[in-house]
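Down below is the structure, laid out as structure tokens.
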Amino acid sequence: MRQQTGKRPRQHREYEREEKKDQHKRPFPNAHESSNNDGLVLYRILCPDSLIGSVIGKNGNVINAIRQQTSAKVMVVDPYPGADKRVILVYCYVKHRDLDAVGNDNEPVCAAQDALLRVHNAIVDALHKVHKNRRDSDNKDTEEANILVPASQTSNIIGKSGAVIKHLRSTSRAFVKVTPKDPSDATHSCAMSFDNFVQITGGAEAVKKALFGVSTIIYKHPSKEGIPLETSIPEPTPSIIIPSELPVYPASNFYSAPDDAIPSVHPSLSILGSTRHLSELDLPANDHGR
């Protein structure tokens, strides 16, 4: 049995290197885009870390096909420390929003929603292959979709007194659950401080219908929070903790200053530190060339 090294597959690493190079070539409006753009429609779907290679595909063929079929931007964010899922950014720009769009049609309201549903299908297909290889028949009829939604859009998904989310559940027959980020949970590190986890579970058609409905609400109500669109994540700030039982010496007093009243000694003894303690050394007289 091949031992797990914890490294990502070579083809996956090569794809990510090329992906970072291509980011500098794409005609983005700004070098540092964020979701506070009125024409931006942004989705963030979560993919189990163990499946991300299959969702990307060999040399990126799966994710590139979704881009070509939808003309949407589909980007895989670098892994967050402690998180067991990868964030996939799916977005596009629209000139105007169709606020009359309904969330139960089969026609996507924009390129990003089309790509979101295709990415979800890719995740489900990858999971089915894993279960097939393991001959795992448990929950074979149950699917799951997980997306990150900022607080401003989550309120629209829930609705007043929960009316909207109840309607989504009843019309789709899927279970829709909203969970706020828990800062103490390392697996939640992929979420921003203002994010909520929206989990959709149920039968295949039920999950797709609910995901369509939720993503349509997100389309109609732009995020008020600024969400970065870069795939790289900031490096964590290193912290140094000094135990309280250890004394702290000021830099100026850590080493004793040389005393001019003590004559200089053999140069080779300078490496031993301050000359203040040389009287403790018992040196033969002939060592100084008497």
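Data for the structure
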{"item": "Evaluation of residue 213 against (1) modelled with pLDDT of 95 or more; (2) of a type outside the set (A, V, I, L, M); (3) surrounded by fewer than 17 Cβ atoms within 10 Å (Cβ to Cβ) (one fails), failing number", "result": "(3)"}
{"item": "Members of segment 186-236 found to be of a type in the set (Phe, Trp, Tyr), over 15 Å from residue 41 (Cα atoms) and not in a strand (DSSP E or B), listed by number", "result": "194"}
{"item": "When residues of segment 95-114 are limited to those that are modelled with pLDDT of 90 or more and closer than 16 Å to residue 207 by Cα, the one nearest to the chain's Cα centre (by Cα)", "result": "113"}
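The rows are residues; the columns are (1) charged (D, E, K, R); (2) within 25 Å of residue 224 (Cα to Cα); (3) surrounded by fewer than 19 Cβ atoms within 10 Å (Cβ to Cβ).
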residue	(1), (2), (3)
163	no, yes, yes
167	no, yes, yes
170	no, no, yes
174	no, no, no
179	no, yes, yes
182	yes, yes, yes
186	no, no, yes
195	yes, yes, no
200	no, yes, no
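The values are calculated or read from the model by the stated rules, or taken from the named source; none is laboratory data. Note that the coordinates shown come from a computational prediction; the quantities given were computed from them, not determined experimentally. FYI the Cβ positions are ideal-geometry reconstructions off the backbone, even for glycines, and counts take in every protein chain you see.
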